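A.B. asks: One structure, as structure tokens, below. Some questions next.
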Amino acid sequence: MSDIEPDWPPEPPSTPHRLHRPSRAIVAVVELVLAGVAVWLATLAWSASISTVRVRASDGAELTSFHYAGNWVLAAIVLGLAATLLVVDAVRQFVLGARARPRKPRKDPQPAHS
């Protein structure tokens with residue numbers, strides 16, 4: 001066996017404190033506001049998707065049915081999904097802005113004796 005180590009590519013330079021940025025909390029607040037707007041628009045879209053159809057039969061009975069417009073239902077679902085993703089990312093941004101701390105440098109491990 002040879003004791004020659006392979007040529008590994010150089011490690012990319014890392015910037016310290018890259019994750020810990022308090023400005024991420026501002027991004028989280030903006031995302032929460034956008035999520036609220038998306039939920040509001042989703043409820044409007046869902047309300048617009050339902051229409052009531054009433055028909056009076058020949059025997060005098062009134063029949064009521066509901067018609068769902070697929071494009072508005074899809075819009076409500078997509079807006080709800082977007083709001084969910086915005087909330088998840090807002091939580092991630094807040095945690096990274098508030099809790100990320102720089103790593104302590106590791107001590108080099110002792111080489112194993114063979």
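A.B. asks: Compute the FRET efficiency between Val53 and Val29 as 1/(1 + (r/R0)^6), taking r as their Cβ-Cβ distance and R0 = 41 Å, and round to the nearest 0.05.
C.D. replies: 0.40
A.B. asks: In whole Hz, with x marking every Gly and Pro, tabulate ³J(HN,Hα) for the range 34-46 from phi via Karplus 6.51 cos²θ - 1.76 cosθ + 1.60, θ = phi - 60°.
C.D. replies: Rounded to whole hertz, the list is 4, 5, x, 5, 5, 5, 4, 5, 5, 5, 5, 5, 5.
Each reported figure results from applying straightforward, stated rules to the coordinates on display, with no laboratory input. What you see is a predicted model; the values in this text were computed from it and never measured. Cβ sites come from the backbone with ideal geometry, for glycine too, and all protein chains shown count toward neighbours.
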